[in-house]
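Data block below; observations after.
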Amino acid sequence: MEPIVSTRWLLARLYEPEIVIVDCRFLLTDPEAGRKAYTEDHIPGAIYLDLEKQLSAPVSTHGGRHPLPEISKLTTVLSEVGMNRDSTVVAYDDQGGIYASHLWWMLRYLGHENVHVMDEGYSAWKKASFPVSDHQAVRIPSQYQANVQPNMLVSMVDVQNVVKNGGPLLIDSRESRRYAGLEEPMDAKAGHIPGAVNKFWKDVLDEQGRWKNADALKVQFSDIDPEQEVIVYCGSGVSACPNVLALGKAGFKNVKLYAGSWSDWISYNENPVATGDE
């Protein structure tokens, strides 16, 4: 199933009853900005899900900056907004698809098949003069039943084993300067997990900010064996998700997320840190 859909695809299905549109706009530097933007206007019928308040567990010593919530709490959130496993979910943001892809991954992890990311984002929707609304949709609560896919996720211990023994390829999705340890605006230590290669998540988009097609993504990832097991991480498990989605589009079958990512890895003092280029 094609994970990326166009603005026109959504426009044509805007009022179909099984569609659940989720506004995922968010700014790490201003956590209230996304909800505020949603309140001002959004795609008609869309509901808002907050990265930190609804789609993350509280931050603690370990687990990273955006820990995965407990399954029961996540399914409660989804039930409250009227989503079930038969819903056709379309997520969008205005930040290149990073937060929409994160929700895409979370729903896939829960066993949800019919979930998509809207290409280009909200600004493109508005620029096309498609309808917008400030009305906050009231949805009938449902009962979301998860079918968790544990093979999509790895733990910190799994990554420790990779660092010690090899096997899967580690992909760091952050900007090259953060990967190399030249700067670190978010976390306490700079660098990357030893052995990881750098694939900046924004490179899955073309110069117009649209998602690259499958052929272009195959070229982009042509230095990686498509049969190899791949573990993707970033700073806190969010910007890794566009790479997970893109690798899937490119035909990779064995792609997993280290959800705690760099911010979790460095919370254990014994874990080694690498700098520079591998």
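May I ask you to list the residues in the stretch 248-267 that are under 18 Å from S101 (Cβ atoms) and either at pLDDT below 95 or among the charged types (D, E, K, R) (or both)? Matches in the stretch 248-267: K249, K256.
For S123, the criteria (1) without any contact (Cβ under 8 Å) to a residue 40 or more places away in the chain; (2) under 26 Å from K256 (Cβ atoms); (3) within 22 Å of the chain's Cα centre (by Cα) hold in every case but one, which is (2).
Out of K189, K202, one residue alone is over 23 Å from T61 (Cβ atoms) and either modelled with pLDDT of 95 or more or in a loop (DSSP other than H, G, I, E, B) (or both). It is K202.
The single condition from (1) part of a helix (DSSP H, G or I); (2) open to solvent by less than 10 Å² (accessible area, probe 1.4 Å) that V238 fails is (1).
As a summary of the residue check, V159 satisfies the conditions (1) surrounded by fewer than 21 Cβ atoms within 10 Å (Cβ to Cβ); (2) over 16 Å from I4 (Cα atoms) except for the one numbered (1). In the stretch 241-274, the residue that is most open to solvent (accessible area, probe 1.4 Å) out of those that are among the β-branched types (V, I, T) and touching a helix residue (DSSP H, G or I) at 6+ places or on another chain (Cβ under 9 Å) is V273. In the stretch 167-219, of all residues being free of Cβ contacts under 8 Å to residues at least 12 places away in the same chain and closer than 20 Å to L28 by Cα, the one that is least open to solvent (accessible area, probe 1.4 Å) corresponds to E184.
Before we move on, is S222 in a loop (DSSP other than H, G, I, E, B), modelled with pLDDT of 95 or more and buried (at least 22 other Cβ atoms within 10 Å of the Cβ)? Criteria not met by S222. Residues in the stretch 30-49 that are open to solvent by 30 Å² or more (accessible area, probe 1.4 Å) and either modelled with pLDDT under 95 or aliphatic (A, V, I, L, M) (or both): there are none.
One line per residue, one yes/no per condition, for (1) modelled with pLDDT under 95; (2) touching a helix residue (DSSP H, G or I) at 6+ places or on another chain (Cβ under 6 Å); (3) of a type in the set (D, E); (4) in a helix (DSSP H, G or I):
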| position | (1), (2), (3), (4) |
| --- | --- |
| S123 | no, no, no, yes |
| Q136 | yes, no, no, no |
| R139 | yes, no, no, no |
| Q143 | no, yes, no, no |
| A146 | no, yes, no, no |
| D158 | no, no, yes, yes |
| N161 | no, no, no, yes |
| E183 | no, yes, yes, no |
| P194 | no, yes, no, no |
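Evaluate the following for R139: is it out of contact with any Cys (no Cβ under 7 Å at 6 or more places or on another chain), among the basic types (K, R), closer than 28 Å to N254 by Cα and open to solvent by 20 Å² or more (accessible area, probe 1.4 Å)? In short, no. Taken over the stretch 131-165, the criterion of being over 18 Å from the mean Cα position of the chain (by Cα) and more than 28 Å from G45 (Cα to Cα) is satisfied by M156, V157, D158, V159, Q160, N161, V162, V163, K164, N165. Within the stretch 75-114, the set of residues being closer than 19 Å to Y233 by Cα, open to solvent by less than 10 Å² (accessible area, probe 1.4 Å), of a type outside the set (S, T, N, Q) and not in a loop (DSSP other than H, G, I, E, B) comprises A100, H102, L103, W105, M106, L107. I'd like the full set of residues that are of a type outside the set (D, E, K, R), at pLDDT 95 or above and within 25 Å of E80 (Cβ to Cβ), limited to the stretch 1-27. Correct list: P3, V5, L10, L14, I19, V20, I21, V22, C24, F26, L27.
The values are calculated or read from the model by the stated rules, or taken from the named source; none is laboratory data. Only a predicted model underlies this, so the values are computations on that prediction, with no experimental measurement involved. Cβ coordinates were reconstructed from backbone atoms using ideal geometry, including for glycine residues, and neighbour counts include every protein chain displayed. Surface areas here come from the heavy atoms of the whole protein model, side chains and all, with no ligands, DNA or RNA. Shrake-Rupley method; radii C 1.70, N 1.55, O 1.52, S 1.80 Å.
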